Amino acid sequence: MTDWQQALDRHVGVGVRTTQALIQLIQPEDWNKRPIPGKRSVYEVAVHLTVLLEADLRIATGATAEEMAQFYAVPVPPGQLIDRLDQSWRYYQDRLTTGFSTETTYWGVADGSTGWLMEAAVHLYHHRSQLFDYLNLLGYEMDVILFE
Ligand code: NI
């Protein structure tokens, strides 16, 4: 791997492990809470976090709106969130290490594979922050080190 690939592998890996640590703290009674009214629930943010690495790279390689609607329609019960994130992480790592060709997205955005790998990384950290803020608003005591 190049330095750039190693850096993404490392920092997305940290994002994945710390996201899983946050998800494991969530109490069942909190899944449906919306700490910010009108925004996603705790569960909806957690599900989004577990699929986005894979979703974004599927979009990057030309998945259609219909294909993505089918992708997002697959349920991820709370008990499967950790494994689902591992699955997305493997999908990301496969493409990170083997490379891939991109296509213009179904809404018209063009980017290269490095740009998409970067986009997925910042997308993960964006929603990890959202989940972290939600759990703070709900009064969780968290002993999770978010960065190495
Ligand atoms: Ni998002």
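Brief remarks follow.
- Any chance Tyr43 is among the aromatic types (Phe, Trp, Tyr) and more than 16 Å from the ligand (Cβ to nearest atom): no
- Of the candidates Leu53, Leu49, Leu57, the single residue that is part of a helix (DSSP H, G or I) and either over 23 Å from Glu103 (Cα atoms) or among the charged types (D, E, K, R) (or both) is Leu49.
- Count of residues meeting criterion [part of a loop (DSSP other than H, G, I, E, B) and touching a residue at least 60 places away in the same chain (Cβ under 8 Å)] in the range 1-38: 5
- Qualifying residue in the range 121-130 (condition: of a type in the set (A, V, I, L, M, F, W, C), out of contact with any helix residue (DSSP H, G or I) (no Cβ under 7 Å at 6 or more places or on another chain) and within 16 Å of the ligand (Cβ to nearest atom)): yes
- In this structure, Met118 does not satisfy being surrounded by 12 or more Cβ atoms within 10 Å (Cβ to Cβ), more than 16 Å from the ligand (Cβ to nearest atom) and not charged (D, E, K, R).
- Within the range 52-63, the presence of at least one residue that is within 19 Å of Asp133 (Cβ to Cβ), modelled with pLDDT of 95 or more and within 16 Å of the ligand (Cβ to nearest atom) is confirmed.
- Unmet requirement for Ser129, which otherwise passes all of (1) under 18 Å from Gln24 (Cβ atoms); (2) of a type in the set (Ser, Thr, Tyr); (3) surrounded by 12 or more Cβ atoms within 10 Å (Cβ to Cβ): (3)
- Reported count of residues in the range 96-117, each being assigned to a loop (DSSP other than H, G, I, E, B) and either charged (D, E, K, R) or within 14 Å of Asp9 (Cβ to Cβ) (or both), is 3.
- Selected residue (criterion: farthest from the chain's Cα centre (by Cα)) from residues of the range 124-148 that are aromatic (Phe, Trp, Tyr) and assigned to a helix (DSSP H, G or I): Tyr134
- The residues in the range 17-40 that are within 14 Å of Ser88 (Cα to Cα) and within 16 Å of the ligand (Cβ to nearest atom) can be counted, and the count is 1.
- Residue check, Val109 under 16 Å from the mean Cα position of the chain (by Cα) and either more than 14 Å from the ligand (Cβ to nearest atom) or over 16 Å from Leu22 (Cα atoms) (or both): no
- Any chance Tyr91 is within 26 Å of Gln5 (Cα to Cα) and without any contact (Cβ under 8 Å) to a residue 40 or more places away in the chain: yes
The values are calculated or read from the model by the stated rules, or taken from the named source; none is laboratory data. Owing to the predicted nature of the structure, the values given are computational and were not obtained by experimental measurement. For neighbour counting, all protein chains shown are included, and Cβ atoms are generated from backbone atoms with ideal geometry for every residue, glycine included.
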